[in-house]
Amino acid sequence: MGNKNSEIFDYVRGFTCDFDSVTGVSKTAVPTSRKLSQMKGMFADDAAYAAALEKEDTVVYDFYEMGAPESEGEIAMGTSILHPGKIGDEYYFTKGHYHSKLDTAEAYYCMSGEGFMLIENPEGDWRAIPMKGGEAVYVPKRYAHRTVNTGKTDLVTFFAFGGEAGHDYGTIETKGYRKLIVERDGKPEIIDNPKWK
Ligand SMILES: O=P(O)(O)OC[C@H]1O[C@H](O)[C@H](O)[C@@H](O)[C@@H]1O
Ligand SMILES: [Fe+2]
């Protein structure tokens, strides 16, 4: 998908790619980093966000976008590595997205760490599915999905979804998620998002 990985990997005749089974890091594939500055307005506490960004534009997560052709019959796969941290009392998360083709599911295998897969559909149904190393998560079609790292180490997942799915970030960027996961008395708690539109 327009990055170097689409040239490295042979989607016509097959390939292998290394991913460390604990850290998710690949020696072959080229990672993409998402920094704090790329997540403006997504965290609930704008003041805490501004203060954190002023201190350092830290990397919130890295993932391997493997360059699969975006068409039916293909499979997009890779790992994502969500670092531990918080903005105010809200745990770090991935931006989250719907699939442009809404009727497409996604499979995740959690390799290490702990957290939640936060999902919601356009009708307002939502769930926070707990994730930890060794567990697979099924994200059903029609659900936006975001991982949230509530642990002290990286939350590492391997994912696979249909090549035709596509990413719709706009809906989450403008509306936000209905729920947030924050730390209360040292433990994760799911609360309503005060900014949800
Ligand atoms: O796309 P984001 O919400 O920023 O998350 C980053 C990446 O991690 C996930 O594991 C997904 O399967 C990828 O499709 C996604 O691009
Ligand atoms: Fe997805």
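The values are calculated or read from the model by the stated rules, or taken from the named source; none is laboratory data. Treat the numbers as computed from the prediction; the structure is a model and nothing was measured. Backbone-built Cβ (ideal geometry, glycine too); neighbour counts: all protein chains shown. Calculation scope for accessible area: heavy atoms of the full protein, side chains included, ligands and nucleic acids excluded. Shrake-Rupley method; radii C 1.70, N 1.55, O 1.52, S 1.80 Å.
For the range 86-171, which fully contained strands (runs of 3 or more DSSP E) count at least 2 residues that are within 14 Å of ligand 1 (Cβ to nearest atom) and of a type outside the set (A, V, I, L, M, F, W, C)? Working first, answer last.
Values: elements: 106-112, 114-120, 126-132, 136-139, 144-149, 155-162.
Once the strands (runs of 3 or more DSSP E) in the range 86-171 are filtered for at least 2 residues that are within 14 Å of ligand 1 (Cβ to nearest atom) and of a type outside the set (A, V, I, L, M, F, W, C), what remains is 106-112, 114-120, 144-149, 155-162.
Take THR79 and decide whether it is within 18 Å of ILE172 (Cα to Cα), modelled with pLDDT of 95 or more and surrounded by 18 or more Cβ atoms within 10 Å (Cβ to Cβ).
Details: within 18 Å of ILE172 (Cα to Cα): no; modelled with pLDDT of 95 or more: yes; surrounded by 18 or more Cβ atoms within 10 Å (Cβ to Cβ): yes.
Here the answer is no, as THR79 does not meet what is asked.
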State which residue pairs qualify: first residue among the hydrophobic types (A, V, I, L, M, F, W, C) and inside the range 139-163, second residue open to solvent by 40 Å² or more (accessible area, probe 1.4 Å) and within 11 Å of ligand 2 (Cβ to nearest atom) in any location, beta carbons under 9 Å apart, and separation of 6 or more residues or different chains. VAL139/ALA107; ALA144/ASP168; PHE158/ALA107; PHE159/ALA107; ALA160/ALA107; PHE161/ALA107
Go through (1) without any contact (Cβ under 8 Å) to a residue 60 or more places away in the chain; (2) among the aromatic types (Phe, Trp, Tyr); (3) crowded, with 20+ Cβ neighbours inside 10 Å and name the single condition PHE63 misses. (3)
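When the residues of the range 143-157 are narrowed to those that are touching a Cys at 6+ places or on another chain (Cβ under 8 Å) and away from ligand 2 (no atom under 13 Å from the Cβ), which ends up farthest from ASP18 (Cα to Cα)?
So the first thing to find is which residues in the range 143-157 are touching a Cys at 6+ places or on another chain (Cβ under 8 Å), and the list is 155-157.
Those left that are additionally away from ligand 2 (no atom under 13 Å from the Cβ): 155-156.
Working: LEU155: 18, VAL156: 15 Å.
Only one residue fits best here, namely LEU155.
Please specify each residue of the range 60-76 satisfying the condition of being under 13 Å from the mean Cα position of the chain (by Cα) and assigned to a strand (DSSP E or B). Don't jump to the end; show me each part of the working.
Filtering the range 60-76 for residues under 13 Å from the mean Cα position of the chain (by Cα) gives 60-65.
The answer is VAL60, TYR61, ASP62, PHE63.
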